[in-house]
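These notes concern the structure reproduced below.
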Amino acid sequence: MPSKPIKRVSALASHYTRGRFAADGKIGVILQEVPNLTLWQIAAWPDSLAEISLKTAEAIGVEVAPGPGRAAIQGNQVLLRVEPLKFWLTGVTAPQISPSNGAILDLSHSRTLVGVAGPQAQDLLNRYLPLDLRNQSFVPGAVASTAFHHVGITLWRSPSGFELFLPRSFALSLWKLLRQGAAQFGYEVT
């Protein structure tokens, strides 16, 4: 008897209420969970970095893989260089890689992806993250591993705002902190 696919349940499901939350009607922050995240980690060995870089770039249809701390985007497919020898791929199937050249790990169920946008998104995140998020310091396309309330996260500055890859086990508590902090600016959950 064939088994049914496992239905993924959001780590935020019990506390994800869509709507506008602003006393004065002004919205400064927009929060959104990206549902059904597909996230592959691809690690290269030092002597195979060039080959793995090429394969990951080809996977999303770009010519060159980004350097460390940077991202490449093609449509809704994203390639993040999270460490010198590690890439994260979203929105695409992982390429085939020989174990002698690297390793692939499916992180899809281990992370919750939350987007933070709006005119005061940077102000909100500056209250929690020990990074300089000003436009000249953390430019669009930048990627960083950082801490959010003592929890290690990955942050990407996308064209639409900030994307936070939160560990699933901490996602709900960090979501609550984001909502509490966003209340002072007025916020919307989409």
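Each reported figure results from applying straightforward, stated rules to the coordinates on display, with no laboratory input. Keep in mind that this is a model prediction, so the values were computed, not measured. Here Cβ is always computed from backbone atoms with ideal geometry, including for glycine, and neighbour counts include all displayed protein chains.
Regarding the chain, what whole-number volume in Å³ per residue does the convex hull of its Cα atoms give?
137
Give the Cα extents of region 1-48 along the principal axes, in whole Å, largest first.
56, 44, 11
Taking the alpha-carbon centroid of each part, what is the distance from region 73-136 to region 18-68 in angstrom?
Taking the Cα centre of each part, region 73-136 and region 18-68 sit 4 Å apart.
Relative to the longest principal Cα axis of the chain, at what angle does helix 168-182 sit, 0 to 90 degrees, rounded to 10?
40
Under the rule a/c < 1.5 gives rounded, and otherwise a/b versus b/c splits prolate from oblate, where does region 104-190 land using the Cα gyration tensor?
In terms of gyration-tensor shape, oblate.
What's the extension gain from Ala183 to Gln96 if we count 0.36 nm per residue and subtract their Cα-Cα distance?
26.8 nm
Suppose each label sits 7 Å from its Cα in the direction of the beta carbon; what would the Val62-Ala147 distance come out to in nanometres?
Distance between the two pseudo-spin positions: 3.0 nm.
Tell me, what is the percent relative contact order of the chain, built from C-alpha pairs under 8 Å that lie six or more residues apart?
RCO, the chain: 31 percent.
Order of Lys26, Lys7, Lys86, Lys55 from fewest to most other C-beta atoms within 10 Å?
Final ranking by Cβ density, sparse to dense: Lys7, Lys26, Lys86, Lys55.
Under 8 Å for C-alpha pairs, at least 6 residues apart: give me the relative contact order for region 39-106, rounded to a whole percent.
Once divided by the residue count of region 39-106, the mean separation gives 43 percent.
Which one of Ile52, Leu79, Pro95 has its Cα pushed farthest toward the positive end of the charge dipole of region 39-106, where Lys and Arg give +1 and Asp and Glu give -1 at the Cβ?
Leu79
Report the percentage of all Cα-Cα pairs in region 39-106 whose separation exceeds 21 Å, rounded to a whole percent.
8
Given Cβ point charges of +1 (Lys, Arg) and -1 (Asp, Glu) and nothing else, what value in debye, to the nearest 20, does the dipole of the chain about its Cα centre take?
Dipole magnitude for the chain comes out near 620 debye.
Once the Cα atoms of helix 49-60 and of the chain are each reduced to a long axis, what angle between those two axes, in degrees from 0 to 90 to the nearest 10, is obtained?
60
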